Amino acid sequence: MGSNEDGKASSQHIQEKIMIVGGGIGGLACALALHRVGLKSVVLEQSDTLRATGNCITLWSNALRVLDALGIGEQFRTLYHNILEYEIFNQQGKRLAGLVLAECDGPKPHELRAVERRFLLEALAGQLPPGTIRFKSRVTSIEKSETSTGITDIHLQDGSIYNAQVVLGFDGQKSVVAEWMGLKKAELVGQVGIRGMAIFPNGHKFEDKVYYTVGKGTRSAIAAVNDTKIYWFILWNDWGEGYRSTSPEQLKAEALERSKAYQSRDIELCINNTPLEHFIKSTIRHRINTMDPTTQVVGTVTLAGDASHPTTPNMGQGGCMALEDAILLTKKLYPVLTEGPNTDSPVAESERIHLALVEFQQERHDRTYSLSVQSHKVGVVMQSAWSVICFYRDWYLIPKSLNPKYFLNHTLFDVGKLPIQLS
Ligand SMILES: Cc1cc2nc3c(=O)[nH]c(=O)nc-3n(C[C@H](O)[C@H](O)[C@H](O)COP(=O)(O)OP(=O)(O)OC[C@H]3O[C@@H](n4cnc5c(N)ncnc54)[C@H](O)[C@@H]3O)c2cc1C
């Protein structure tokens, strides 16, 4: 596995060409994409090991195409079932609509897999050269030191300082890099959820479907990971925070209490088969980026993944978009960073890097903005506590929105291949 150097206090200046802040899904995928085209990068990750919070993540075709471009897609197809159907029920257990993914428009096969986050991170990290990820490296601030050369200083909590020519902020929803750029913090949307991964050592009874249930101010879902594992979540309306102090026992008790709102006992069955270490509670946040996308580029520093477009999880696209960013950023940087200094050109290398990052943000904006807006709307309607909206949703909107013509449109996005594949 690509790994770590101990981030002990050193207050030394360390020079690197490309630094990625944040070793989550997006940051690791970007480091791997850069590595595949022969570009070295260093990932600064605050945790002391790979941080796989959240048990599972659903990846749609657009994300699987990214994993293919990185050369690691097939292992996910071997380990995780492809979900074939999407079914929606109401709280009373009545089936409102259903859709076979293979019948949806777009190039086949469509894919939807609930994969284990730990496995995803390990698969990405495992392909990186040793030393790429510097664990225990919490970035506290950054500053531009030499504007003419584009060098940026990155300050770590332990006192060390890195100098980098390109800085990619993949540091998640509470991004230090985004804060430095003056972006608004991701805000609460009034929804809280508990997720878990149930384990049935002798196999479970569920088919390869998403069983999605919408209710009044609550919703839940169940999806098969593989023959023995089930990913589930239960969400409800709540503006509260402070979830970190809740123990796993309390989370389980709270999830069981919330499951009583559902006629079907399936969610309860999953909760009861979930090991305590697989419960997690999350407060949902987002930021709708109405500003000019170029505000996300300062010199040769930019943002990507959740740091750039923190999105509600209602369409399961936040992680998929972070993966897309990794490839698309690499495609933009590759020609600039491999061209070498061009003495004929009046434009310095740092300026060319800046322009590549600006192009990246401009090209990403429409997709990430529209998905963030759409995802928020889905959450508001699917979890409305208003009787009128619930009625409209269950009798009209759900049957209509599960139209096979459009249902998977947002997953058809194809990042394409990397310019070269060196390793
Ligand atoms: C409840 C829930 C369910 C979701 N379900 C799905 C789903 O089914 N499908 C999907 O595609 N997406 C889903 N998402 C969204 C998905 O989890 C995120 O979009 C994805 O994790 C973003 O990846 P990232 O690498 O940008 O950020 P993150 O995964 O948040 O990684 C950021 C990394 O940066 C590190 N970091 C942060 N600050 C610093 C610092 N100052 N210095 C150094 N390191 C730092 C963190 O430790 C972390 O490792 C869900 C999100 C939630 C909350």
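The values are calculated or read from the model by the stated rules, or taken from the named source; none is laboratory data. Note that the structure is predicted; figures quoted are calculated from it, not measured. Here the Cβ positions follow ideal geometry from the backbone for every residue, glycine too, while neighbour counts run over all protein chains shown.
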Report task. Identify the residue in the range 33-64 that is within 7 Å of the ligand (Cβ to nearest atom) and modelled with pLDDT of 95 or more and, among all such residues, is farthest from ILE194 (Cα to Cα). Result -> LEU44
Query raised in the report: Of all the helices (runs of 4 or more DSSP H) wholly in the range 227-340, which have at least 2 residues that are of a type in the set (Asp, Glu) and within 14 Å of the ligand (Cβ to nearest atom)?
Result: 318-339
Report task. Among the residues of the range 153-179, count how many are more than 9 Å from the ligand (Cβ to nearest atom), surrounded by fewer than 23 Cβ atoms within 10 Å (Cβ to Cβ) and over 24 Å from the mean Cα position of the chain (by Cα). Result -> 8
Query raised in the report: Quick one: which of VAL388, VAL378, VAL373 is surrounded by fewer than 20 Cβ atoms within 10 Å (Cβ to Cβ) and within 14 Å of the ligand (Cβ to nearest atom)?
Result: VAL378
Query raised in the report: Which of the residues that make up the range 315-334 are within 30 Å of LEU235 (Cα to Cα) and crowded, with 24+ Cβ neighbours inside 10 Å?
Result: GLN317, GLY318, GLY319, CYS320, MET321, ALA322, LEU323, GLU324, ASP325, ALA326
Requested in this report: Say whether the condition of being more than 16 Å from the ligand (Cβ to nearest atom) and among the basic types (Lys, Arg) is met by at least one residue in the range 70-90.
Outcome: yes
Query - Pairs where the first residue, in the range 86-103, is under 16 Å from ALA224 (Cα atoms) and the second is β-branched (Val, Ile, Thr) and crowded, with 18+ Cβ neighbours inside 10 Å, C-beta under 8 Å, 6+ apart - result: TYR86/VAL210; GLU87/VAL210; ILE88/THR213; ILE88/VAL214; ILE88/ILE398; LEU101/ILE83
Query raised in the report: Can you spot a residue in the range 396-419 that is of a type outside the set (Phe, Trp, Tyr), closer than 30 Å to PRO109 by Cα and touching a Pro at 6+ places or on another chain (Cβ under 8 Å)?
Result: yes
**Report entry** Residue check for ASP227: modelled with pLDDT under 95 and not hydroxyl-bearing (Ser, Thr, Tyr)
**Finding:** no
